[in-house]
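The values are calculated or read from the model by the stated rules, or taken from the named source; none is laboratory data. This is a predicted model, so every value here is computed, not measured. So basically every Cβ, Gly included, is an ideal-geometry build from the backbone, and we count neighbours across all protein chains shown.
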There are 2 protein chains.
Amino acid sequence: MTRVTKILLDEKDMPRQWYNIAADLPSGLKPPLGPDGKPISPDMLAPVFPMNLIEQEVSTQRWIDIPEEVLEILARWRPTPLHRAYALEKALKTPARIYYKNESVSPAGSHKPNTAVPQAWYNKQFGIKKLTTETGAGQWGSALAFACSLLGLECKVFMVRISFDQKPFRKLMMQTWGGICIPSPSNETAFGRKVLAETPDTPGSLGIAITEAIEAAVTDPTGQTRYSLGSVLNHVMLHQTIIGQEAKKQLKIAGEKLPDVVIACAGGGSNFAGLSFPFMIDKINGAKMDIIPVEPTSCPTLTRAPFVYDHGDTGKMTPLLPMHSLGAGFVAAPIHAGGLRYHGMAPLVSQAVIDGLASPMAIDQLECYKAGLLFARTEGIIPAPETTHAIAATVREAEKARLEGKEKVILFGFSGHGLMDLTGYDKYMSGQLTKHEMSEEEIQKLLKDVIATHPAP
Amino acid sequence: MTRVTKILLDEKDMPRQWYNIAADLPSGLKPPLGPDGKPISPDMLAPVFPMNLIEQEVSTQRWIDIPEEVLEILARWRPTPLHRAYALEKALKTPARIYYKNESVSPAGSHKPNTAVPQAWYNKQFGIKKLTTETGAGQWGSALAFACSLLGLECKVFMVRISFDQKPFRKLMMQTWGGICIPSPSNETAFGRKVLAETPDTPGSLGIAITEAIEAAVTDPTGQTRYSLGSVLNHVMLHQTIIGQEAKKQLKIAGEKLPDVVIACAGGGSNFAGLSFPFMIDKINGAKMDIIPVEPTSCPTLTRAPFVYDHGDTGKMTPLLPMHSLGAGFVAAPIHAGGLRYHGMAPLVSQAVIDGLASPMAIDQLECYKAGLLFARTEGIIPAPETTHAIAATVREAEKARLEGKEKVILFGFSGHGLMDLTGYDKYMSGQLTKHEMSEEEIQKLLKDVIATHPAP
């Protein structure tokens, strides 16, 4: 063959350490605060997480070793391929060279197992028997059920109700791996019952589901249950950096220097962090690079929301985290990209944006589905609705390169496939989807309220 | 890491030729017959297939070059990984070393694109604009829609009604790739209307859907439509041999000689042929090896049916093919492994069984789902219902190795993932599935009838 379509790495070329950007962020990271407004101590998180993960959460060590057994499980599908998108480039008539890092090849179909496996492993090491969690679109819940299955832990998933109803097969996927999946808000927790009493028709939100999952973990009388979060927290960002480290090696093999543009969708931030942080260190060290987290216009956390101290969940069980937030009570429109409906953004990602290391972009779902369909019909893989946001931004950047006549290198994160999300494509193709942009009036009111009610970091 | 979990190959190590076992079968292959009982000439197939594929169909050349452009498209996901199933071995306490060739990593989720891509490519070369086909479980229809999308052809799929109803997301998958999918029997063909008039409640069958797809192709007044078959025919077996050729190289890299046992599920035969034929040549040349096609007890074509001349479709539009057949009118019980509900078996596979080169096995769906669930919860990938048949046979062989205390090498074909087939797992887990074995009386009556009404080859 005259050209190489994808770059693979051997298992022996897998990264052996995670990269912790907390060691390198120019302005450092603000600490999480407890109910008293003072920085929390690791001990205060102990009812929720095992101590070995809490240590990672607060670590500022630059490189953290990946345990051997974790590597062996990740090696079932990693390193993931880096593809050159020749067919997409041709369709866009762009001089840009487009690469995508394909995380959809994991058994759960997304990047989420990269952190589900180590989280389950560290919990097991700590003697924990059962994990609870929340899930939006279902990518994370599936990934944790998968990881728990391989490591012999029980798993209970609170799934945002709108996604639970839109995607019935997600529940079956978790059950096939032995997990339990229930719609949130549920009657199983005090907080769920409260929300249901107040708003029986709520589509649910990640914020609500997180509260329920934490409550279910900390109230387990055996003390052998902990909570596991699929995004937002520092240790989750950390585990995902295996993506960007691999991509960096693969781009080099493809004969490229650093990319000109790095693009990934951002809900809680872990997919974006995973791909971009290993490149961000080069930007911190002076390289010129556009690093773009992409979010939906219906949930414009990074593009519009203020940087405040806010809770990670609606029920205010988490510490106050320094992050861009639309307010913990915010319920985004029921778009199909359920994984991007989160009110906040990972503190590490928020701080990177504050420090000028990343330039967020918001795109509406119609433009995203259009790009997703183009991708499916040229490159052949059907993208998850979340992933279409990165593709839409890539299409914009490729068009820009065409107009400028520049041979840019664009790298984007193909975070997951859409085989479990075909209802969204169906609705898009039959013209049933609308734009779901927040009106300027609506958003101004919301932002004013968030600023008035939340402390600044 | 102390051990290698999977063996990858570079794109440059992809096979450059397909292997045609017709050149090596000890007893040769009987010719297909026309309505007059005489061997058909290639010209007679011209309304159905393009001449370049007909040439492959009748070729006895041992190696056939794979076109460069086909290789480039296949390289988007090929070579596929060969995994060592450490976790399954541990669960089974077997001394056997189990390997599986993972075809589920293709964008359509199965081995089917291996032939969909070249078939679409050859049709396009021949000036064809549109392909029609049938699909059982939906694996093949999805794969052809995928291939047509990448090559710019139209695609229309007649999907067996029971599967169409059980798996609504398959239709959406095909639509996302721009294909059209309708349930069969349909009102779009004369044959479909006839079947509906006689048996309005029929679950449909592959045999009926094939007739409809052929009729739709040959009656297109533009003359630019052809029919495409996902299994059974010689050129389809040919295209799939890329699987076994890769697996052979990968086993060598893993430090293994030839496997002791090769296992793959068999519906029309292409998945089985693809993995096994490149090993069968070694068996023809004297190597000792158990080669096992696995079928459901509810459709026991290779294990029970006679070797006769029969039509490939229910409407008798195809030539008479020399094959094991339960009769072209046979409608298998509505098991979830829709791809294994075909009444016949590829002539090349049938002849290989006649020649003693393969030893078929039939397994009921409960044993298969049990094995599939074990696989999902140990190895982590959820298998397609068809694939669970190969896993169940692997479990039996691994158990045999344990009882014999033998360090056997077992290779099986992981033909596809089950993410689109979770309803079957749901029914299995909730105890709604039954055994679906044909009674001995029922089968004796059927076989007697087939023998009485079909000419012997």
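Restricting the range B:393-421 to residues that are closer than 24 Å to A:PHE169 by Cα and modelled with pLDDT of 95 or more, the residue that is nearest to the chain's Cα centre (by Cα) is B:SER415. In the range A:351-376, the residues that are under 30 Å from A:GLY28 (Cβ atoms) reach residues that are acidic (Asp, Glu) with C-beta atoms within less than 7 angstrom, at least six apart or across chains, in these pairs: A:SER359/A:ASP290; A:PRO360/A:GLU295; A:ALA362/A:GLU295. Being assigned to a strand (DSSP E or B) and modelled with pLDDT of 95 or more, is that true of even one residue in the range A:428-444? Checked against the condition, which is being assigned to a strand (DSSP E or B) and modelled with pLDDT of 95 or more, the range A:428-444 yields no hits at all. Residue selection: B:VAL294 satisfies the criterion of being in contact (Cβ under 8 Å) with a residue 60 or more places away in the chain, farther than 15 Å from B:VAL232 by Cα and surrounded by 24 or more Cβ atoms within 10 Å (Cβ to Cβ). Taking into account only those residues within the range B:395-418 that are over 29 Å from B:PHE307 (Cβ atoms), part of a loop (DSSP other than H, G, I, E, B) and not acidic (Asp, Glu), which is nearest to the other protein chains (Cβ to nearest Cβ)? Only one residue fits best here, namely B:GLY418.
Candidates B:ASP421, B:ASP449: the one that is within 14 Å of chain A (Cβ to nearest Cβ), at negative phi and out of contact with any Leu (no Cβ under 9 Å at 6 or more places or on another chain) is B:ASP421.
Is there a residue in the range B:161-176 that is outside any helix (DSSP H, G or I), over 24 Å from A:THR388 (Cβ atoms) and either at pLDDT 95 or above or within 12 Å of chain A (Cβ to nearest Cβ) (or both)?
No: the range B:161-176 contains no residue that is outside any helix (DSSP H, G or I), over 24 Å from A:THR388 (Cβ atoms) and either at pLDDT 95 or above or within 12 Å of chain A (Cβ to nearest Cβ) (or both).
Contact map, the range B:124-140: first residue within 24 Å of A:LEU419 (Cβ to Cβ), second residue of a type in the set (Asp, Glu) and in a loop (DSSP other than H, G, I, E, B), Cβ cut-off under 7 Å, separation 6 or more or different chains; pairs are B:ALA137/B:ASP421.
I want to confirm something. Restricting to the range B:136-148 and keeping residues that are modelled with pLDDT of 95 or more and in contact with a strand residue (DSSP E or B) (Cβ under 6 Å, 6 or more places away or on another chain), which single residue is nearest to B:ALA213 (Cα to Cα)?
In the first step, residues of the range B:136-148 are kept if they are modelled with pLDDT of 95 or more; the result is B:140-148.
Next, from what is left, pick out any that are in contact with a strand residue (DSSP E or B) (Cβ under 6 Å, 6 or more places away or on another chain): B:141, B:144-145, B:148.
Numbers: B:GLY141: 11, B:LEU144: 13, B:ALA145: 14, B:CYS148: 16 Å.
The extreme case among them is B:GLY141.
Of all residues in the range A:153-178 being touching a Leu at 6+ places or on another chain (Cβ under 8 Å) and closer than 21 Å to A:GLY418 by Cβ, which is surrounded by the most Cβ atoms within 10 Å (Cβ to Cβ)?
At the first step, the residues of the range A:153-178 found to be touching a Leu at 6+ places or on another chain (Cβ under 8 Å) are A:153-157, A:160, A:169, A:172-173, A:176.
Adding the requirement that they be closer than 21 Å to A:GLY418 by Cβ leaves A:157, A:160, A:169, A:172-173, A:176.
Working: A:VAL157: 28, A:VAL160: 31, A:PHE169: 23, A:LEU172: 21, A:MET173: 25, A:THR176: 27.
Looking at the filtered set, the residue picked out is A:VAL160.
Quick grid of which residues meet (1) surrounded by 13 or more Cβ atoms within 10 Å (Cβ to Cβ); (2) at pLDDT 95 or above; (3) in a loop (DSSP other than H, G, I, E, B):
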| residue | (1), (2), (3) |
| --- | --- |
| B:PRO15 | yes, yes, yes |
| B:TRP18 | yes, yes, no |
| B:SER27 | no, no, yes |
| B:ILE54 | yes, yes, no |
| B:VAL70 | yes, yes, no |
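Pairs meeting the criteria (first residue in the range A:221-236 and in contact (Cβ under 8 Å) with a residue 24 or more places away in the chain and acidic (Asp, Glu), second residue outside any strand (DSSP E or B) and buried (at least 24 other Cβ atoms within 10 Å of the Cβ), beta carbons under 9 Å, at least 6 apart or on different chains) are lacking. When A:ILE64 is tested against the conditions (1) in a strand (DSSP E or B); (2) under 27 Å from B:GLY109 (Cβ atoms), the lone failure is (2). When the residues of the range B:76-95 are filtered to those that are touching a strand residue (DSSP E or B) at 6+ places or on another chain (Cβ under 7 Å) and under 18 Å from B:LYS248 (Cα atoms), the one that is farthest from the other protein chains (Cβ to nearest Cβ) is B:LEU82.
What's the total number of residues in the range B:200-239 that are assigned to a helix (DSSP H, G or I) and of a type in the set (D, E, K, R)?
Taking the range B:200-239 first, the residues assigned to a helix (DSSP H, G or I) are B:206-218, B:234-239.
With the extra rule that they be of a type in the set (D, E, K, R), the set shrinks to B:212, B:215.
Number satisfying all stated conditions: 2.
Within the range A:107-139, being within 14 Å of another protein chain (Cβ to nearest Cβ), more than 20 Å from B:HIS83 (Cβ to Cβ) and touching a Phe, Trp or Tyr at 6+ places or on another chain (Cβ under 7 Å) holds for one residue alone: A:LYS112. Residue under question is A:SER142, and the condition is that it be of a type outside the set (A, V, I, L, M, F, W, C), within 11 Å of another protein chain (Cβ to nearest Cβ), over 30 Å from A:THR189 (Cα atoms) and part of a helix (DSSP H, G or I); does it hold? So A:SER142 fails the test. Counted as qualifying within the range B:240-314 are the helices (runs of 4 or more DSSP H) with 1 or more residues that are more than 23 Å from B:ARG396 (Cβ to Cβ), namely B:242-253, B:270-284. The set of residues in the range A:1-55 being of a type in the set (Lys, Arg) and within 14 Å of another protein chain (Cβ to nearest Cβ) consists of A:ARG3, A:LYS6, A:LYS12, A:ARG16. Within the range B:88-129, the set of residues being part of a strand (DSSP E or B) and among the basic types (Lys, Arg) comprises B:ARG97, B:LYS101. Take B:ILE54 and tell me if it is touching a Leu at 6+ places or on another chain (Cβ under 6 Å) and over 30 Å from A:THR80 (Cβ atoms). Answer is yes for this residue. Given the structure, is A:GLY230 on the phi > 0 side of the Ramachandran plot and touching a helix residue (DSSP H, G or I) at 6+ places or on another chain (Cβ under 8 Å)? In short, no.
Residues in the range B:327-363 that are in a loop (DSSP other than H, G, I, E, B), modelled with pLDDT of 95 or more and in contact with a Pro (Cβ under 7 Å, 6 or more places away or on another chain): 3 in all. With the structure loaded, tell me whether B:THR219 is within 26 Å of B:PRO385 (Cβ to Cβ) and polar (S, T, N, Q) or whether it fails that test. Here the answer is no, as B:THR219 does not meet what is asked.
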